[in-house]
Amino acid sequence: MNKRNFELLGSFTILYIEDEADLLKHTTSVLEDFVKKIYPVQTIDEALEIIKNEKIDVIIADIHLKYSNGLDFLRTVKNDLEMELPSIVTTAFTDTEYLLDAIKLHVDNYIIKPVNIKELLNSLHDVLLPKIQAKEIERSYNIIKTISAVTDSKQVEIIRFIIKNLDHENMLNYSYSEIMEQVDVSKPTVIKLFKQLGDQGILTKIQNKKYLFDETKLPLPENA
C-alpha cells in the first residue's frame, strides 16, 4: 500500500473513549498533533454529550470500559441516534463474541491493545479516506464552478489557492499579502477578485484575514 499522508487527517474531529486515564492522555497528546480536534472521554455518558453537541467525523472506542461497553455505545449511535460514523474499536481481549458484535455493527477496524500509534494513525487514515476523497471531489467541483464566473488566468490561480486552503468550516484565514506570497499575483488582482466574489456572496469577510467561503452561492457551469 502506498505511504499514507497523515496531513489529510488535519480537517477531521475525533471522539475517543478510553477509561484508562494514562492511556487516554498519552494517545490524545499524540493524535491532537494530527487531527483538527479530539474529544477524549472516559465514560459513555460523556461521549453521548459530545456526540449530541459537536460535529464528529470518527469514533475510537475501547470495548471494555469500567461501567459499560464501547460496542453498546456504537450501537446507540447507530440505532438510537441514527448516525452513521466511521468507528475503530480497541480492546485488550480477542474474544470472538466481541469481534462478531463489531462486525455486525460494521465497525471499520479492530485494534488490539496496547495500541500502536502508527497502526492507529494508519487505521484513521483508511477509515476516513472516503471522506477525504469526497472532500477533494467537492472542492474540485467548486473550483470548476467558480472558474466559470471568471476569465482571468491569474484569478484562476487565486481561486485554486482559496479552495485548497479552506479549513474545516470553509473559512479562509489569509490576508492579501499572504496570498501574494503564495501566488504570483499583484495586489490589485487579489482585491478585484475578492470584491467580485464578495459581490456574489461567495466570499464574505468575517474579520481581518478571515473569510467565509459559501459554495451554495457558486454559479453552476453552463453544461450542468
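The values are calculated or read from the model by the stated rules, or taken from the named source; none is laboratory data. Quantities reported herein were computed from a predicted structural model and do not represent experimental measurements. Backbone-built Cβ (ideal geometry, glycine too); neighbour counts: all protein chains shown.
A Cβ distance below 7 Å, combined with a sequence gap of six or more or placement on separate chains, defines the contacts here; from segment 77-93, residues that are touching a residue at least 40 places away in the same chain (Cβ under 8 Å) reach no residue that is surrounded by fewer than 12 Cβ atoms within 10 Å (Cβ to Cβ) and in a helix (DSSP H, G or I). Against the definition (assigned by TED's automatic domain parsing to the domain that holds M83, crowded, with 18+ Cβ neighbours inside 10 Å, farther than 23 Å from H106 by Cα and not basic (K, R)), how does L15 come out, yes or no? For L15, the condition - assigned by TED's automatic domain parsing to the domain that holds M83, crowded, with 18+ Cβ neighbours inside 10 Å, farther than 23 Å from H106 by Cα and not basic (K, R) - is not met. For segment 62-70, the count of residues that are closer than 30 Å to N170 by Cβ and at pLDDT 90 or above is zero. Would you confirm, using the coordinates I've provided, whether V30 is buried (at least 19 other Cβ atoms within 10 Å of the Cβ) and either without any contact (Cβ under 8 Å) to a residue 60 or more places away in the chain or over 17 Å from A92 (Cα atoms) (or both)? Against the criterion (buried (at least 19 other Cβ atoms within 10 Å of the Cβ) and either without any contact (Cβ under 8 Å) to a residue 60 or more places away in the chain or over 17 Å from A92 (Cα atoms) (or both)), V30 does not qualify.
Residues in segment 202-217 that are without any contact (Cβ under 8 Å) to a residue 40 or more places away in the chain and either part of a strand (DSSP E or B) or within 17 Å of Q155 (Cβ to Cβ) (or both): T204, K205, I206, Q207, K210, K217. Condition first: farther than 17 Å from E18 by Cβ and in contact with a helix residue (DSSP H, G or I) (Cβ under 7 Å, 6 or more places away or on another chain). Now tell me which residues in segment 96-113 satisfy that. Answer for segment 96-113, where residues must be farther than 17 Å from E18 by Cβ and in contact with a helix residue (DSSP H, G or I) (Cβ under 7 Å, 6 or more places away or on another chain): D101, L105, D108.
Checked against the criterion of being part of a helix (DSSP H, G or I) and surrounded by 14 or more Cβ atoms within 10 Å (Cβ to Cβ), the candidates V190, V185 yield just one match: V190.
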